[in-house]
Amino acid sequence: MEAQKHITLVGILTLVHSGLLVAVAILAFGVLAGIGAVSGDEDAFMVMGIIGTVLGGFLLFLSIPGIIGGIALLQRARWSRIFMIVLSAFKFLDVPIGTALGVYTIYVMLRPDVIAVLDPPAAQPVVVTT
């Protein structure tokens, strides 16, 4: 039963982390576009709007795998364990919160009881003899 709790916690933490990244993306777009608008200069507004759009879009792009992985873990998808191991390697670059989440994710995903839950062995084929 402890495996179920760890899997759920990793899924929720990943969704929260990705959700915060979405919020930062929206905030970055709003702030940068707002700076351009406040300047009163049409060129500054255009440049800051482009920078805000690119930065916000990039951050949104980075948050999508975490949202997918978190939902997949909560649904106990078979492929979610390997997906989260790969994703956690990229989380190490997001110091310090992403690093801590990446370490915890790898710890949980490599536990034998979690492997048994998310990647159970295939059923043995039924052999019928006559």
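Every number here is computed from the coordinates shown, using simple stated rules; none is lab data. What you are looking at is a predicted structure, and each value in this text was computed from that prediction instead of being measured. Neighbour counts run over all protein chains shown; Cβ positions are idealised from the backbone, glycine included.
Worth a mention:
- Only a single criterion out of (1) surrounded by 14 or more Cβ atoms within 10 Å (Cβ to Cβ); (2) within 16 Å of the chain's Cα centre (by Cα) is not satisfied by Phe29, namely (2).
- Checked against the criterion of being more than 16 Å from Leu101 (Cβ to Cβ) and free of Cβ contacts under 8 Å to residues at least 60 places away in the same chain, the candidates Phe83, Phe90, Phe29 yield just one match: Phe29.
- Out of Met84, Met46, sole residue that is part of a helix (DSSP H, G or I), of a type outside the set (Lys, Arg) and buried (at least 19 other Cβ atoms within 10 Å of the Cβ): Met84
- Every test in (1) in contact (Cβ under 8 Å) with a residue 40 or more places away in the chain; (2) of a type in the set (D, E, K, R); (3) buried (at least 17 other Cβ atoms within 10 Å of the Cβ) is passed by Arg76 save one, and that test is (3).
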